[in-house]
Amino acid sequence: MERKLIKQGGGGYTVYLPKEWVIDNGLEKGDIIDIDIIGQNLRISQKPEKRKKSEICLEISGEYKDSIRVLVITAYRQGYDIIKVKISSKKQYNILKELIEDSIIGFEITSYNEGLCIIENITEPSQEQFDNIFRKLLLNIEELFEFGLMKMKNPSRKIKDFKITEKRIMQYDNFCRRILYKYRFDRKSSSLLSFMYKLGNIQREIFYANDVSKSYKFFSNATIKFMEDAFSLFKLLEEMILKKDMHKYKEIHDVQNELIHKRLKKLLNSSQIKEKEVIFNIAGCVRNISYSVSYALSYII
């Protein structure tokens, strides 16, 4: 859609908004709108308090937790404020209730009647909280590494349930993706979304490494050192994305090359090291850190 700029006195310019957009969004003379400068583009949107709540209706078939999770979380990430879900059993309701509590910030089930469950945005943080939530996400992934190292260094020690940290990571990750889908449409946001996909793989590998570690009563010093260096590599990635330091990519590449192409083979070929499954997960984490660098660079540059 093209519009011609109209020059005003004092050097300003005006442009006509599409009448259909104004009507569809319930805007009137004197209303305030938001204008965001995104690179060479402008984004015009309603003020949050005027914005009409978006909604979607989903229908659940079956009682598989993973399929229900994918359906509802996808709708949440896409930015819907009201998610109506048609269900047919109490078990589906319980799965849905647990999912909302564990994976989504600020949404609650507000109504359940005659097979229709309504999930609404009640106390969700504002989009201005994105940077804070993103930092919390990274800090909680750090916590997963720390839990793993504590367990490796003292296998008999009882440590805090790392699955609680995993739940927080899911909440923060889903919130950040929702904000990027709903409010940000520039190239950098697309790169950040791709980066977050790899970030999800990183935390998943460390989660599985921690989970598998529970079945071992001893860890070699070489495995512990491998985990420590993977943690240091993650901190380099974290510093790169938060400080927008593009020069970290060379250091990340060098460390990853050392871990995967030199030390991993020795660890897997050693007959004295039994915790091979844990090593595989740590190596998966290292690879995903390496894969994420290109997306981090696209976001930074």
(Q) Go through region 140-167 and report how many residues are modelled with pLDDT of 95 or more and either closer than 23 Å to residue 107 by Cα or in contact with a Leu (Cβ under 8 Å, 6 or more places away or on another chain) (or both). (A) 2
Q | Which numbered condition residue 93 fails, given (1) over 30 Å from residue 238 (Cβ atoms); (2) buried (at least 18 other Cβ atoms within 10 Å of the Cβ) | A | (2)
Q.
Only one of 139, 116, 144 is surrounded by fewer than 17 Cβ atoms within 10 Å (Cβ to Cβ) and in the same structural domain as residue 182 (by TED's automatic domain parsing). Can you tell me which?
A. 139
(Q) If I go through region 118-132 residue by residue, how many of them are over 26 Å from residue 204 (Cα atoms) and either without any contact (Cβ under 8 Å) to a residue 12 or more places away in the chain or of a type in the set (Val, Ile, Thr) (or both)? (A) 5
Q) Residues of region 147-162 being in a helix (DSSP H, G or I) and touching a residue at least 12 places away in the same chain (Cβ under 8 Å), which ones? A) 147, 148, 149, 151, 152, 153, 162
(Q) Out of 134, 107, I need the residue that is closer than 26 Å to residue 196 by Cα, surrounded by 14 or more Cβ atoms within 10 Å (Cβ to Cβ) and in the same structural domain as residue 218 (by TED's automatic domain parsing). Which one? (A) 134
Q: Please find, among 235, 243, the residue that is under 20 Å from residue 292 (Cβ atoms), among the basic types (Lys, Arg) and in contact (Cβ under 8 Å) with a residue 24 or more places away in the chain.
A: 235
Q) Applying the selection to region 187-245, what residues are part of a helix (DSSP H, G or I), of a type in the set (S, T, N, Q) and surrounded by fewer than 18 Cβ atoms within 10 Å (Cβ to Cβ)? A) 189, 190, 194, 201, 221, 232
Q. Among the helices (runs of 4 or more DSSP H) confined wholly to region 1-117, which include 3 or more residues that are more than 30 Å from residue 188 (Cα to Cα) and touching a residue at least 24 places away in the same chain (Cβ under 8 Å)?
A. 90-103
Q: State whether one or more residues within region 53-65 are closer than 21 Å to residue 167 by Cα, small (Gly, Ala, Ser), in contact with a helix residue (DSSP H, G or I) (Cβ under 9 Å, 6 or more places away or on another chain) and modelled with pLDDT under 95.
A: no
Q.
So, in region 133-161, how many residues would count as being within 18 Å of residue 207 (Cβ to Cβ) and β-branched (Val, Ile, Thr)?
A. 2
Q.
Please count how many residues of region 1-41 are on the phi > 0 side of the Ramachandran plot, at pLDDT 80 or above and surrounded by 11 or more Cβ atoms within 10 Å (Cβ to Cβ).
A. 0
Q. Has region 119-131 got any residue that is touching a Phe, Trp or Tyr at 6+ places or on another chain (Cβ under 8 Å), at pLDDT below 90 and part of a helix (DSSP H, G or I)?
A. yes
Q: Just give me the residues in region 251-301 being in contact (Cβ under 8 Å) with a residue 40 or more places away in the chain, farther than 20 Å from residue 201 by Cβ and polar (S, T, N, Q), in sequence order.
A: 270, 272
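The values are calculated or read from the model by the stated rules, or taken from the named source; none is laboratory data. Since the structure is predicted, the reported quantities are computational estimates derived from the model, not experimental observations. Every residue, glycine among them, receives a Cβ derived from its backbone with ideal geometry; neighbour counts consider all protein chains shown.
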